[in-house]
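A short reminder: the numbers here are calculations on the coordinates, not readings from a lab. All figures in this text were calculated on a predicted structure; none of them were measured in a lab. Positions of Cβ are backbone-derived with ideal geometry, glycine not excepted, and every protein chain shown enters the neighbour counts.
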Amino acid sequence: MTTVAPDVTSSGPVSAPPSRLAAGLGFAVASAAAFGMSGAWARGLLDTGWSPGAVVLVRVGLAALVVVPFGLIALRGRWSLLRRNTGLIVMYGVLAVAGAQFCYFSAVQYMQVGPALLIEYTSPAAVVVWMWLRHHQRPSLMTLVGAGLAALGLVLVLDLITGAALNPVGVLWALGAMVGATAYFIISADEGNGLPPLTLAAGGLVVGSVVLGLLGLVGVLPMTASTAPAVYDGRTVEWWVPLVVLGIVTAAIAYTTGIAAGRRLGSRLTSFVALLEVVAAIGFAWVLLGELPRTIQLLGGLLIMAGVVVVKLGEPKAVRAPEPVAGAVL
């Protein structure tokens, strides 16, 4: 018997069983927490002389080594899917993996982790604009209200009202990460290509690793590393510890638990729980780096998250599938 995802069934949207819902929520929270700690751990390496490119290359490379076997298993020998979707996988790897990761880690060199991640999380508004311009899916009033809340929150996060000093380079890098995240959401939501999620993730991680490695070889992307101990709010750890955490926990485990959550909760509920990544990033930046955003920035973060939720609620509802013929196998 095949288990169906809880987004829809033959009779329309349904709720997951309590045990399945609890497991899905656990996976979703674990994924958000794992993704959210990446910036804080990377910051410790950047402060010792690691370049953003080197940090991202190691993180993505380690994650690829872990996820690729599962991606091959999910493919089940259907190599034609890879041939038909080569361009899509390359685009995913370049924008959603290498581009988003590198831009985000570059941003945290110039600004605090929390604001950098919050700027990246304006990507849902960019997705709305893209779907409007590219696919003529006009946003609803609720969607526009949500986008307005997110924009106001961004102003507060950047602390533009009080005139606080802000490094424009960090903001530009964070906006670059937003573009990569937008590509991630758009490509990941496309179910028409037939690629299993694990296979797309594995392919993107491999492509991202290759792209970052080639850029480093030709000298376009600086690749510097150090064996100096990393310091996190006065605590010293060996240089390899944050690398292992970044590759295994914040990438491989984060992706796999996120996929497990999506299969149990459906994409809609999973996307809501994924907003906890913003809260997790601020929490880990406080614990590991001693960084805590100002009150006005916290308020801006709340507005951004509220705006993203309202934008999600304003999305058109999925059309219910027709009733199956009696006796049909799901």
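Here are the numbers for this structure:
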{"item": "Surrounding net charge for ALA183, when Lys and Arg each add one and Asp and Glu each subtract one, Cβ distance under 13 Å", "result": "-1"}
{"item": "Net charge, ALA281 excluded, C-beta distance under 12 Å - Lys, Arg +1, Asp, Glu -1", "result": "-2"}
{"item": "Cβ-based net charge around ALA228, under 12 Å, with every Lys or Arg adding one and every Asp or Glu removing one", "result": "-2"}
{"item": "Residue order, fewest to most surrounding Cβ atoms within 10 angstrom, among LEU289, LEU217", "result": "LEU217, LEU289"}
{"item": "Burial ordering of ILE282, ILE187, fewest other beta-carbon atoms within 10 Å first", "result": "ILE187, ILE282"}
{"item": "Distance between the stretch 194-225 and the stretch 105-154 - C-alpha centres, whole angstrom", "result": "25 Å"}
{"item": "TYR232, TYR104, TYR110 arranged by Cβ crowding within 10 Å, fewest neighbours leading", "result": "TYR110, TYR232, TYR104"}
{"item": "Among 167-178, 194-205, 67-78, 30-41, the order from most to least packed when residues are scored by Cβ within 10 Å on average", "result": "30-41, 194-205, 167-178, 67-78"}
